[in-house]
Amino acid sequence: MTPPDDATLQAILDRIALEAREDPDKGRVADYIPELAAIDPDQFAIAVARPGHPTLIAGDAATPFSIQSVSKVFTLAIALGLRGDRLWERVGREPSGQAFDSVILLELERGRPRNPFINAGAIVTTDAVLSGTHEPRGALAAILSFVRDAAGDEKIHINDSVAASEIATGHRNFALAHYLLSHGNLENPPHETLGTYFHQCAIEMTCRQLANAGLFLTGCDDAPGLVSPGRIRRINALMMTCGHYDGSGDYAYRVGLPGKSGVGGGILTIVPDKASVAVWAPGLNRYGNSKLGTEAMQRLSDLTGWSVFGTAPD
Ligand code: GLN
């Protein structure tokens, strides 16, 4: 398949946004975080960023949303920069096949989380970033500045009400953090690591900003060089195998690209050497991944031939 030109790609995005709007089944918004329960599920946005091209958008691409677990990609990149491969002594690299907030898996594996994208693993990577900066304020400044540099946008901010909402209700995450501590796999007090983690999850971005922020993972020559090419390969591999929790195999089958989802309904997907794509639709499927976002990415992959497994549609 020849790569789509800007006009063809824009027409594809417009078509995908229209189809999403017409789909009566929007999924269910994450209501376990009180601030997210009130989000209107009738919103949809998609944005495609490529070096040397204008970022193309369709739908509500200027509306900020809570990136939630998409933030785990950025903290993983920072933690690997701080700790290098020693990070893997504390967290594994295998798909979990369990819900993102599973407690039982952590107990079975004696406090070493299966991968850095389930909550337990992300709490460990955030803890590593916190140890490198000594206090939550410094860790958050480092995370925010990484994300702003990646997106080329100083306006990206944290929504403090969303973070406060999770601090007040995130009992499972507190359980995970204390369990990690009991196994000697937390270096900072649980409330400090979790305070940092909840605020990082509460970063808000528009689809346009998120697509731009993912460019450093494409490996394109003129994308921001925030991490080494070798590390880009590894982060993409983890996104492909673990980025959608127990729905990661399904996402690989349907979309065939490395992606990371969040319960705010956002998904960041990387087309290696080509593009960074952000999609947002707040309603989730049974795995806690955006329902319409996943379907939109499947359409985009089919219509553009963007997949690491080949270009032919069904
Ligand atoms: N902040 C959310 C949590 O910890 C992130 C989960 C997600 O986006 N899957 O529960």
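Listed values, structure above:
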| quantity | calculated |
| --- | --- |
| Among the candidates S248, S307, residue that is within 18 Å of the chain's Cα centre (by Cα) and either buried (at least 22 other Cβ atoms within 10 Å of the Cβ) or touching a residue at least 40 places away in the same chain (Cβ under 8 Å) (or both) | S248 |
| Segment 71-90, residues that are more than 18 Å from the chain's Cα centre (by Cα) and either under 12 Å from M239 (Cα atoms) or not in a helix (DSSP H, G or I) (or both) | R90 |
| Members of segment 100-113 found to be within 15 Å of the ligand (Cβ to nearest atom), touching a residue at least 24 places away in the same chain (Cβ under 8 Å), crowded, with 17+ Cβ neighbours inside 10 Å and in a loop (DSSP other than H, G, I, E, B), listed by number | F100, D101, P113 |
| Segment 263-311, residues that are away from the ligand (no atom under 16 Å from the Cβ) and part of a helix (DSSP H, G or I) | L292, E295, A296, M297, Q298, R299, L300, S301, D302, L303, T304 |
| In segment 220-233, the residues that are touching a residue at least 40 places away in the same chain (Cβ under 8 Å) and more than 16 Å from L268 (Cβ to Cβ) | D221, D222, R231 |
| Number of positions in segment 123-168 that are within 25 Å of V91 (Cα to Cα), polar (S, T, N, Q) and within 12 Å of the ligand (Cβ to nearest atom) | 1 |
| In segment 1-43, residue surrounded by the fewest Cβ atoms within 10 Å (Cβ to Cβ) [restricted to those that are free of Cβ contacts under 8 Å to residues at least 60 places away in the same chain and in a loop (DSSP other than H, G, I, E, B)] | P24 |
| Meets criteria (away from the ligand (no atom under 16 Å from the Cβ), touching a Phe, Trp or Tyr at 6+ places or on another chain (Cβ under 6 Å) and modelled with pLDDT of 95 or more) for G184 | no |
| Answer residue from segment 253-262, given it is buried (at least 24 other Cβ atoms within 10 Å of the Cβ) and either within 16 Å of the ligand (Cβ to nearest atom) or not in a loop (DSSP other than H, G, I, E, B) (or both) and is farthest from the chain's Cα centre (by Cα) among those | G259 |
| Residue ID - farthest from the ligand (Cβ to nearest atom), chosen from residues in segment 26-61 that are of a type in the set (D, E) and over 29 Å from T218 (Cα atoms) | D42 |
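Residue by residue, here is whether (1) modelled with pLDDT under 95; (2) assigned to a helix (DSSP H, G or I); (3) touching a Pro at 6+ places or on another chain (Cβ under 9 Å) holds:
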{"site": "G121", "(1), (2), (3)": "no, yes, yes"}
{"site": "T125", "(1), (2), (3)": "no, yes, yes"}
{"site": "V147", "(1), (2), (3)": "no, yes, no"}
{"site": "A150", "(1), (2), (3)": "no, yes, yes"}
{"site": "D153", "(1), (2), (3)": "no, no, no"}
{"site": "A175", "(1), (2), (3)": "no, yes, no"}
{"site": "G195", "(1), (2), (3)": "no, yes, yes"}
{"site": "R208", "(1), (2), (3)": "no, yes, no"}
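The values are calculated or read from the model by the stated rules, or taken from the named source; none is laboratory data. Worth saying up front: this structure is predicted, and the values here are computed from it rather than measured. Glycine also receives a Cβ, built like all others from the backbone with ideal geometry; neighbour counts cover every protein chain displayed.
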